[in-house]
Amino acid sequence: MQTQIATAPYRIHRYPTQLIESWNLRNGQRATLRPVLPQDDVSEQAFVAALSPASRRNRFHGAVNGLSSARAEAMTNIDYQRHMGFVVTVMEGETERVIADARYVMNDDGASAEFAVVVADAWHGLGLGRRLISALCKTAHRAGARWLCGEVLAGNRDMLVLMQRCGFSAVPHPADDALVKVERSVVEPASAAPRRSSLFFGAVGRSLASWMRSAPARVQLEDLSVR
């Protein structure tokens, strides 16, 4: 998924240490979710460069080989108000490695925020996507937003499954058949999300089932696990 990062003079707000949390993943690895820091720019570049081409395309909606220094700076020098970013990291020896990134940027209406989430390929299926979506919803609500919204490539079945499980509604994009528009209230519980997307997600589910039947036998259900 893609968000537009506006370039502006960097004015740091108080770093929100209360949003830091650590827990043990199902694979036994200790992970930390925290707001991104300016010094994470190089780590973000390494993270994006290590993603598979498909994951980079799903995140940036195009062929991207990596982040430029300017783009990495824009993604890490944030104000924690209008632009919030989270990373999930693990320790590899003495080195902290970024394995997931999520962020939102408030829209001009002040009532909605556009979000994006991406998890490193080797770390799918561990619940990182759902935890990051939860963090985005809580912080967007505190910042005054009412809605979290975004665009997903229609072929990104993993993200569409995640959106359904996290209570998002979904409709085909009115101007681009390659995209799906998703949104969720950050004020109401996920279970209160609009039902207008039920038929759409049902169609997605039927498409996935059809794909599974036609896929090679080695493809297993965990290949569709949420990120």
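Before moving on, here are some points about what is shown:
- All positions within the stretch 78-99 that are farther than 21 Å from residue 133 by Cα and either among the charged types (D, E, K, R) or buried (at least 18 other Cβ atoms within 10 Å of the Cβ) (or both): 92, 94, 96
- Residue check for residue 148: touching a Leu at 6+ places or on another chain (Cβ under 7 Å), surrounded by 22 or more Cβ atoms within 10 Å (Cβ to Cβ), over 17 Å from residue 34 (Cβ atoms) and of a type outside the set (Val, Ile, Thr): yes
- Scanning the stretch 43-66 for residues that are in a loop (DSSP other than H, G, I, E, B) and modelled with pLDDT of 95 or more yields 51, 52.
- A residue that is of a type in the set (S, T, N, Q), over 22 Å from residue 143 (Cβ atoms) and either part of a strand (DSSP E or B) or without any contact (Cβ under 8 Å) to a residue 24 or more places away in the chain (or both) occurs somewhere in the stretch 73-96.
- The test for being part of a strand (DSSP E or B) and touching a His at 6+ places or on another chain (Cβ under 7 Å) holds for residue 105.
- Yes/no for residue 116 being touching a Leu at 6+ places or on another chain (Cβ under 9 Å) and within 20 Å of residue 36 (Cα to Cα): no
- Any hit, the stretch 53-63, residues being buried (at least 16 other Cβ atoms within 10 Å of the Cβ), over 16 Å from residue 181 (Cβ atoms) and of a type in the set (A, V, I, L, M): no
For every residue, the table says whether it meets (1) part of a helix (DSSP H, G or I); (2) more than 15 Å from the chain's Cα centre (by Cα); (3) of a type outside the set (D, E, K, R).
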| position | (1), (2), (3) |
| --- | --- |
| 116 | no, no, yes |
| 130 | yes, no, no |
| 137 | yes, no, yes |
| 144 | no, yes, yes |
| 159 | yes, no, yes |
| 164 | yes, no, yes |
| 177 | no, yes, no |
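- Residues in the stretch 74-115 that are out of contact with any strand residue (DSSP E or B) (no Cβ under 7 Å at 6 or more places or on another chain) and acidic (Asp, Glu) were compared, and the one that is farthest from residue 44 (Cα to Cα) is 109.
- Of the criteria (1) farther than 19 Å from residue 53 by Cα; (2) buried (at least 19 other Cβ atoms within 10 Å of the Cβ), which one residue 102 fails: (1)
The values are calculated or read from the model by the stated rules, or taken from the named source; none is laboratory data. Because the structure is a prediction, the values reported are computed rather than measured. Glycine also receives a Cβ, built like all others from the backbone with ideal geometry; neighbour counts cover every protein chain displayed.
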